[in-house]
1. Would a scan of the range 42-50 turn up a residue that is over 17 Å from ARG176 (Cβ atoms), in contact with a Ser or Thr (Cβ under 9 Å, 6 or more places away or on another chain) and open to solvent by less than 80 Å² (accessible area, probe 1.4 Å)?
2. Pick from the range 61-106 the residues that are basic (Lys, Arg) and surrounded by fewer than 19 Cβ atoms within 10 Å (Cβ to Cβ): which of them is modelled with the lowest pLDDT?
3. Can you pull out the residues in the range 138-148 that are touching a helix residue (DSSP H, G or I) at 6+ places or on another chain (Cβ under 8 Å) and surrounded by fewer than 16 Cβ atoms within 10 Å (Cβ to Cβ)?
4. Output the qualifying pairs, or none if there are none: Cβ atoms under 6 angstrom, residues six or more apart or on different chains, first residue in the range 30-45 and hydroxyl-bearing (Ser, Thr, Tyr), second residue open to solvent by 30 Å² or more (accessible area, probe 1.4 Å).
Amino acid sequence: MFKHVFLTGPPGVGKTTVVQKACEALMSSGVGVEGFYTEEVREGGRRVGFDVVTVTGERGQLSRIRDLAGSSHGRREHTVGQYVVDLPSFENVALPLFRNVGSAEGGSRKVFVIDEIGKMELFSQPFIRAVRQTLDSSSCTILGTIPIPKGKPLALVEEVRSRRDVKIFTVSKENRNTILQDILSTL
């Protein structure tokens, strides 16, 4: 029996869109949904970074292209490709969500969205700990996304991939419009 569902697939294939559609469907059927997803930020048609956005609409900066990121004031810089990761901003938005996740009132099942467990997010040690705790918690089901394996394996991503209680769906251009029903019935 699968407890958690994770989507994987190449960048830009539509994982976040599928997650958002699943959230809408779950909420309209009365399931409690919490958590966050990652959204592209575009300026003048080009991608300049990513924001972390909670299910309730709170938003914080996750990363920006170096020339837009501003100075890191002597802090150690975390970068992924051309993007500078704003760890304090990410943690301010994402970490409080994990603190509330155990508090499922009335024992109702909650779905907790983690989009995504990727290179940028994994610079945060508290995030890694929170994800592990939530995977093992009995009070919620995770709907998350993980990147496709590329380059050096990411420890937490491989952990998720190898768990027996996780069902992995691979999103492709071909199935992204039809996969939603399978995901919802698994959840």
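The values are calculated or read from the model by the stated rules, or taken from the named source; none is laboratory data. Nothing here was measured: the structure is a model prediction, and the numbers come from that model. Neighbour counts run over all protein chains shown; Cβ positions are idealised from the backbone, glycine included. These accessible areas exclude ligands, DNA and RNA; they are computed on the full protein's heavy atoms, side chains included. Shrake-Rupley method; radii C 1.70, N 1.55, O 1.52, S 1.80 Å.
1. yes
2. The residue in question is ARG75.
3. SER139, the sole residue that qualifies.
4. Taking only residues 6 or more apart or on different chains, the pairs are TYR37/THR16; THR38/PHE50; THR38/GLU116.
Here's the yes/no breakdown for (1) modelled with pLDDT under 95; (2) within 19 Å of LEU135 (Cβ to Cβ); (3) of a type in the set (Asp, Glu); (4) not in a loop (DSSP other than H, G, I, E, B):
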| residue | (1), (2), (3), (4) |
| --- | --- |
| GLY12 | yes, no, no, no |
| VAL18 | no, no, no, yes |
| GLY30 | yes, no, no, no |
| GLU39 | yes, no, yes, yes |
| ARG47 | yes, no, no, yes |
| THR56 | yes, no, no, no |
